[in-house]
Protein chains: 4
Amino acid sequence: MKITDRKLEHLYVSKKYDVESSATGFEDVSLLHRALPEVDKDSVDTTTVFLGKELDFPFVIPAITGGHPKLRDVNRRLALAAERLNVGIGVGSQRAAIEDGSLAGSLEVVAESAPNALKIANLGAPQLVEGYGVDEANQAIDMIDADVFCIHLNFLQEAIQLEGDTDSDGVINSIEKLSNELDIPVMVKETGAGISRPVGRLLEDAGVDAIDVAGLGGTDWTIIESIRARNEGNRFKESLGQTFSGWGIPTVSSLLELDVDIPVMASGGVRSGIDIAKSIALDADVAGVALPLVKPATENIDQVTNYLNRLKEELKIAMFLTGSKNISELKETPIVITGKTREWKESRSL
Amino acid sequence: MKITDRKLEHLYVSKKYDVESSATGFEDVSLLHRALPEVDKDSVDTTTVFLGKELDFPFVIPAITGGHPKLRDVNRRLALAAERLNVGIGVGSQRAAIEDGSLAGSLEVVAESAPNALKIANLGAPQLVEGYGVDEANQAIDMIDADVFCIHLNFLQEAIQLEGDTDSDGVINSIEKLSNELDIPVMVKETGAGISRPVGRLLEDAGVDAIDVAGLGGTDWTIIESIRARNEGNRFKESLGQTFSGWGIPTVSSLLELDVDIPVMASGGVRSGIDIAKSIALDADVAGVALPLVKPATENIDQVTNYLNRLKEELKIAMFLTGSKNISELKETPIVITGKTREWKESRSL
Amino acid sequence: MKITDRKLEHLYVSKKYDVESSATGFEDVSLLHRALPEVDKDSVDTTTVFLGKELDFPFVIPAITGGHPKLRDVNRRLALAAERLNVGIGVGSQRAAIEDGSLAGSLEVVAESAPNALKIANLGAPQLVEGYGVDEANQAIDMIDADVFCIHLNFLQEAIQLEGDTDSDGVINSIEKLSNELDIPVMVKETGAGISRPVGRLLEDAGVDAIDVAGLGGTDWTIIESIRARNEGNRFKESLGQTFSGWGIPTVSSLLELDVDIPVMASGGVRSGIDIAKSIALDADVAGVALPLVKPATENIDQVTNYLNRLKEELKIAMFLTGSKNISELKETPIVITGKTREWKESRSL
Amino acid sequence: MKITDRKLEHLYVSKKYDVESSATGFEDVSLLHRALPEVDKDSVDTTTVFLGKELDFPFVIPAITGGHPKLRDVNRRLALAAERLNVGIGVGSQRAAIEDGSLAGSLEVVAESAPNALKIANLGAPQLVEGYGVDEANQAIDMIDADVFCIHLNFLQEAIQLEGDTDSDGVINSIEKLSNELDIPVMVKETGAGISRPVGRLLEDAGVDAIDVAGLGGTDWTIIESIRARNEGNRFKESLGQTFSGWGIPTVSSLLELDVDIPVMASGGVRSGIDIAKSIALDADVAGVALPLVKPATENIDQVTNYLNRLKEELKIAMFLTGSKNISELKETPIVITGKTREWKESRSL
Ligand SMILES: Cc1cc2nc3c(=O)[nH]c(=O)nc-3n(C[C@H](O)[C@H](O)[C@H](O)COP(=O)(O)O)c2cc1C
Ligand SMILES: Cc1cc2nc3c(=O)[nH]c(=O)nc-3n(C[C@H](O)[C@H](O)[C@H](O)COP(=O)(O)O)c2cc1C
Ligand SMILES: Cc1cc2nc3c(=O)[nH]c(=O)nc-3n(C[C@H](O)[C@H](O)[C@H](O)COP(=O)(O)O)c2cc1C
Ligand SMILES: Cc1cc2nc3c(=O)[nH]c(=O)nc-3n(C[C@H](O)[C@H](O)[C@H](O)COP(=O)(O)O)c2cc1C
């Protein structure tokens, strides 16, 4: 299967099957209700600055699709919505489009549709090992006129694919090099298994400018790959995916793990504006929701903007009900942590 | 929809649908059984003084209905029952009756039917922002010959109604002003989302005379508004209600949060005399049960008094079985806290 | 209804309906398995001395039936089994037989059938308040040639019966008097709601010689009374019983609560020899099982002895598997406490 | 029933019925995901040395079958697979084959089929009490050309069989003697009820060279014996088995209990390479999986090797994803412990 077709298949599988794992930890977090907000909800200010750009609310559409003729419209709709709502937008792995220039167009549409929005280019860590460097990164950046360059870590997914790229030796050096040499900020993200405290430190020390935890709890690549393997009749891969389902650091635990001074993005099972607010209260700077955008993005742009507007309104209400006039106040709002997340926190002395 | 009709609709929705959220936290509290009470149950003294009036037992019918011709009988039944059992009675928001004098009669019946009972007038915080002040408060007070004036905080409900009143700026000043200028005690209550430690302090500092936590766990306004939105075909409001269902501080956690020297009322999911006893042992002074009174109050007065008598008997038995001769002794009875409430307590260092 | 018929009805209700409440706490206790017992199971010594008499294993049939012609056979079977296995046997309240001498015969059978077994006479605390004293106690003692005199505390049951005896004032003085004046040891037991730390101290200070916690978790009198009320069509009493179901101190928590130097009996949901072993490891001296004996005792004596033999064998295995050569070693065997019982322990600083 | 037929029956019951108990504790353990492994998965080194022999990965097929003509093929398949994958292999109790020399052949096949693999001979502790000593041990060793001699502790199983061998007095001395006098290392294992801290110390002090915890959570002998008893119509034994089901120390708790300096094997509910990795991170040296091998071993050798290969691949992925280049690094990888296992740990101050 060609890389580009794989991206397409991922999208379809994630749309058709239930590919979410359950425990993000958001259910273990309560924002402390403030019966007397002493705020006018209409004056609640959701704007924030992330990696140098102001966003209307602390939201970034995470990396979802890559380059493929059939994905052009999906990319366009997401980009248009990002532009309209002035939030960030990431694209999925641009590897295929770099290897096959004819695919670039389906991604360039992002730059055209979202000229002002914060745009995030994307390549995978395995490519760095295979030799990708500043040149390829710049190609990816130029392709969508990106403001940020993002490297995704997906070794769980690679590992259970068997034929996947599982050499991660030296990745941190490549990341450090890109951080030094690229002109724009560099972000590193996971893809559903979260970032631990030591990995967070490693990345910060390497000069990375932001981290997206992309923790366990939402889109589960072990399930997606297991379904693909079943459809291919590969029992061994199917069972590998099942065995590793549930592997990783739940999103909220990952936010608790992180102890860095660079901006943090929360993704992985974020499902409402309340979850965005919880993420911020847990010290994230922005949050992202991927899976629930897949269906709207394959249909029409209004569905995408409606969904984003709902998230924004929910966040605003959550801010209002915690008496947070702006994002910095939301960061300081008290939270209550219970259940398994509380146990994780204690067990890890976080 | 007129405000007055909204009150009517609230009553009907709460009667017809399941509008309770589940976790009050009372299930996490045990009163320590005293096998040897060393008390004669018949001599257990349930009387208490709340805001200057003696009650036969520490119970106040919470604010339920407002002014509306069709609600006259409901108000009358609740008032008659309060008078017979010598407990307190609150009325729901009197805003409509203040704006439209013709509605006042349906509330004045409370004064007529319960001349001696502790009566609590009621207006919402949003009205204070809109300019209501001492004059309107006095109108509300006079309407039912109230002993206490109560301001309810319902910003959660207002927020998810979208068109709701969500300017809470300056509310605390208005509350302080009313506390200073009114001749009778001023109480502040939530409406299903609870009061946190900082808000409790704020209210005490503003000179408020009593607080009703009205915490999460009983009548859930997010569910009620979601049902109303569904009936109106408004999908966005319907989903907002669902997303915010579960928002707030559970009643027991709210009692643990409070750290004030003024009297406290417990409401929100109180469902038996045992729950009343638990509330007192958790340092409340009185408790209230709203939702289960809705059906009896729309039928006949005996059903209301029977229900109240049952609560009183249960409270008395709980006092007897903890060896509490009177309400002050009940306050000192040992309790055991487990489960999620225990985790809340620890997480918040209460 | 006559008192004596009430005892009969209790037996039938407990036989026919599910009258057990669930959480004894035994499920939260693990005995630490000792893979290398270094013991010959055949030489495990289960004998113990309780209140001056040696028992073949630390078991006492708790108070179950009282005086009634129809209960004569039940009493006889239990007594014969106690004699055969050399365990203790208590009888239920002897009040009816004291008030109506013609009923005494159905209890005297216990003395005849179990001449050597430890026999425990029984009267309720409410009778002490009504004036019963040394005379009546001696009548009860003589009736079954008792070695121990037991007073049961059942104020929960009395309270939810409405017409029950709920004057407990002065009970402790009467208990102290009996402790001083009777020639045989005095035991005090609950009847399904457990003994707290302060009540345990009170009893010890009053000179009581033993305590049976009879905690929450097995036979639940609130359920029994609720069923009886339903059968009588008394809705109020029926609902009272339901409301108070679950009231009390679970058996294991009660064993943890107790901090006395007198012997302790564990009852309330004990359902196997493992539970007996857990009770001993939790510092009880003997244990009792009532409800599961009801059916066998109404059928034939072999069923009773079989049941007791099974308990004994299970206890012996549990002792063997913890490497406990005798009951004193079992007392020292390590235990693990988890779940709600662990939370109770922490909440009460036990 | 002859001993040898009993082994056969055990195999069939474990194949046909659900004989697993549920809570191993592995579900309470998370390995901390390392998003940036900094390792090439292909270079992950799973080899380890256990009791003097190098294994391709830290796995030993636990004792399963004994000597019986019908078990010859089962033994051969397991041995061939062990040889091919270069892992260890234990055999089940060799008592029958020692008592009846004609059965030895069905075990000697192990030596023939696995000339190079680590082979573990096996006798039960009860035999030591009955007089087995160095001679019989050497017979067992010679029969399969064993590298290790293993004594299994199965007193739970013996106890609930009633006619079982339940004299464990002096076992530790016999173990000490064998440890001193045999030329090869001596291992001691449980059979589904785990090893506690004190027993671990006792064994280490006796000179034992390795311990297999064989904890609660996988194959449950109380269930197997209960099923056998039911099939025989023996109600008492059937119920004994049910009562003791759940007795023991869960595998993970047992690993936490152990505080010894000799090698440790984890078995009892190990069900994937992730569980093997968790075991190592919990300080075990090797792990074993018995029950899931029963069916493959009765069918053909490929099924056995496939299963083992799957375990190895899963372990390798788990090592890769925790950034563990080799088994020593895996031992140091951080873990998170939650749930009941966490409570066990705290309750026992482990
Ligand atoms: C269909 C789909 C494709 C994705 N492709 C990529 C990708 O190419 N690169 C990447 O970094 N993340 C990718 N992600 C992961 C998301 O960026 C994000 O980290 C994660 O899915 C967020 O969790 P959620 O889907 O539960 O909201 C993809 C997610 C989905 C649902
Ligand atoms: C039908 C209904 C109408 C209510 N209206 C008001 C109101 O107008 N003002 C107010 O302060 N609280 C109002 N409440 C809230 C109650 O006063 C109370 O705080 C809460 O419902 C107590 O919880 P419970 O219903 O679970 O017992 C109302 C409650 C119900 C059920
Ligand atoms: C049918 C029945 C009648 C009982 N009657 C008495 C009684 O008269 N006096 C008393 O002290 N306890 C009485 N008990 C309570 C038992 O002595 C004991 O404390 C308790 O039931 C033990 O719990 P279990 O039934 O769960 O094993 C009775 C119990 C049962 C089941
Ligand atoms: C069918 C069967 C037979 C067994 N026979 C023995 C035996 O003879 N000796 C022994 O030490 N363990 C024996 N075991 C126990 C295993 O060696 C091992 O400790 C345990 O079963 C591991 O747990 P698992 O089956 O959940 O993986 C047997 C296990 C099974 C399933």
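The values are calculated or read from the model by the stated rules, or taken from the named source; none is laboratory data. Being a predicted model, the structure only gives us computed values, none of them experimental. In this analysis, Cβ positions are derived from the backbone assuming ideal geometry, glycine residues included, and neighbour counts consider all displayed protein chains. Accessible surface is based on the protein model in full, side chains and every heavy atom, while ligands, DNA and RNA are left aside. Shrake-Rupley method; radii C 1.70, N 1.55, O 1.52, S 1.80 Å.
Mean silhouette area of segment D:1-104, derived from the convex hull of its C-alpha atoms and averaged over all directions, reads 10.1 nm². Distances between placed amide hydrogens fall under 5 Å for C:Gly218 paired with C:Ser21, C:Gly269, all partners being 5 or more residues away or on another chain. Looking at the square roots a ≥ b ≥ c of the eigenvalues of the Cα gyration tensor of segment B:82-233, which shape do they give, rounded for a/c under 1.5, prolate if a/b is larger than b/c, or oblate? Rounded, since a/c falls under 1.5.
In this structure segment B:1-103 gives 38 Å² per residue of accessible area when probed at 1.4 Å with all protein chains present. With a simple spin-label model that places each label point 7 Å from the Cα along the Cα-to-Cβ direction, the separation between A:Leu350 and B:Ser102 comes to 6.1 nm. Start at zero, step by 20 Å, and the Cα-Cα distances of segment A:3-347 spread as 33, 61, 7 percent across the bins.
Dipole orientation for segment B:3-347: of the candidates B:Asn75, B:Gly124, B:Ser226, B:Ser226 has the Cα lying most toward the positive pole (charges on Cβ; Lys, Arg +1; Asp, Glu -1). Ordering B:Ile262, A:Ser267, A:Gly52 by Cα displacement along the dipole of the protein assembly as shown toward the positive end leaves A:Ser267 in first place; charges were set at the Cβ atoms of Lys, Arg (+1) and Asp, Glu (-1). Result for chain B in a Gaussian network model with C-alpha springs under 10 Å: among B:Ile335, B:Ile223, B:Ile280, the largest mean-square fluctuation is at B:Ile335.
What shape does segment B:7-65 take by its C-alpha gyration tensor, where a ≥ b ≥ c are the square roots of the eigenvalues and a/c under 1.5 counts as rounded, a/b above b/c as prolate, and the rest as oblate?
Cα axes put segment B:7-65 in the oblate bin.
When the pairs B:Lys53/B:Lys316; A:Lys237/A:Lys340; A:Lys7/A:Lys295; C:Lys53/C:Lys325; A:Lys15/A:Lys189; C:Lys278/D:Lys340 are compared against a 24 Å limit on Cα-Cα distance, A:Lys237/A:Lys340 fall above it. Per residue, chain A reaches -14000 deg cm²/dmol at 222 nm when only DSSP H runs of four or more residues are counted, each adding -39500 (n - 2.57).
Relative to the Cα centre, the charge distribution of chain D, modelled as +1 at Lys and Arg Cβ and -1 at Asp and Glu Cβ, gives a dipole magnitude of about 1140 debye. Which far-off residues, 5 or more places away or on another chain, put their amide H under 5 Å from the one on D:Asp212, with H placed in the peptide plane? When sequence neighbours closer than 5 places are left aside, the close amide H contacts are D:Val188, D:Lys189, D:Glu190, D:Met265. Distances between equivalent label points of C:Lys177 across the copies, with each point positioned 7 Å along Cα→Cβ, amount to 6.8, 6.8, 9.7 nm, shortest listed first. Taken residue by residue and averaged, Cβ atoms of other chains lying within 10 Å of the Cβ of A:335-345 number 5. Karplus-derived 3J(HN,Hα) values for segment C:253-266, using 6.51 cos²θ - 1.76 cosθ + 1.60 with θ = phi - 60°, are 4, 5, 4, 6, 4, 4, 9, 10, 9, 9, x, 10, 10, 9 Hz; glycine and proline are entered as x.
If you plug the beta carbon distance of C:Asn300 and A:Glu163 into 1/(1 + (r/R0)^6) with R0 = 51 Å, you get a FRET efficiency near 0.10.
In segment B:14-61, burial by the other protein chains removes 40 Å² or more of accessible area from B:Leu32, B:His33, B:Arg34, B:Ala35, B:Leu36, B:Glu38, B:Asp40, B:Lys41, compared with the chain on its own (1.4 Å probe, ligands and nucleic acids ignored).
Largest mean-square fluctuation among A:Leu255, A:Leu162, A:Leu80, in a Gaussian network model of chain A whose springs join Cα atoms under 10 Å apart, belongs to A:Leu162.
Buried between A and D is an accessible area of approximately 2900 Å², summed over both sides with a 1.4 Å probe.
R0 = 45 Å: FRET efficiency of D:Glu54 with A:Glu332, Cβ-based, nearest 0.05? The value I calculate is 0.20.
Between the listed residues C:Asn309, C:Gly323, C:Ile337, the Cα displaced farthest toward the positive end of the dipole of segment C:290-350, a dipole computed from Cβ unit charges relative to the Cα centre, is found at C:Ile337. Set against the 2.2 N^0.38 Å expectation for a compact globular protein, segment D:145-265 has a Cα radius of gyration ratio of 1.13.
If eta is 1.002 mPa s and T is 20 °C, what Stokes-Einstein diffusion coefficient results for segment A:257-350, Kirkwood Rh from Cα pairs, in µm²/s? Estimated diffusion coefficient is 147 µm²/s. Take the convex hull of the alpha carbons in the protein assembly as shown; its mean projected area over all directions comes to 53.1 nm². Here's how it looks for B:Ala287: its modeled amide H is under 5 Å from those of B:Phe59, B:Val60, B:Ala266, which are all 5 or more places away or on a different chain. From the Cα gyration tensor of segment B:107-169, with a ≥ b ≥ c the square roots of its eigenvalues, which class applies: rounded if a/c is under 1.5, or else prolate if a/b is larger than b/c, or else oblate? Since a/c reaches 1.5 and a/b is larger than b/c, the shape of segment B:107-169 is classed as prolate.
Computing FRET efficiency as 1/(1 + (r/R0)^6) for A:Lys70 and C:Arg310, where r is the C-beta to C-beta distance and R0 is 56 Å, gives about 0.20.
Using a cutoff of 8 angstrom between alpha carbon atoms and counting only pairs six or more residues apart, the relative contact order for chain B works out to 23 percent. Here the 3J(HN,Hα) profile of segment D:25-37, calculated from phi with Karplus coefficients 6.51, -1.76 and 1.60 at θ = phi - 60°, is x, 4, 5, 8, 10, 10, 7, 6, 4, 10, 4, 10, x Hz, Gly and Pro shown as x. Note on D:Asp145 and A:Asp259: their simple-model spin labels are 5.4 nm apart, each label 7 Å out from Cα toward Cβ.
Counting only protein heavy atoms and a probe of 1.4 Å, the accessible surface of the protein assembly as shown is 42% carbon and sulfur.
Compute a Gaussian network model of chain D, connecting alpha carbons closer than 10 Å, and tell me which residue from D:Asn300, D:Asn326, D:Asn234 fluctuates the most. It is D:Asn234.
Normalised by residue number, the volume inside the convex hull of the Cα atoms of segment B:180-336 is 149 Å³ per residue.
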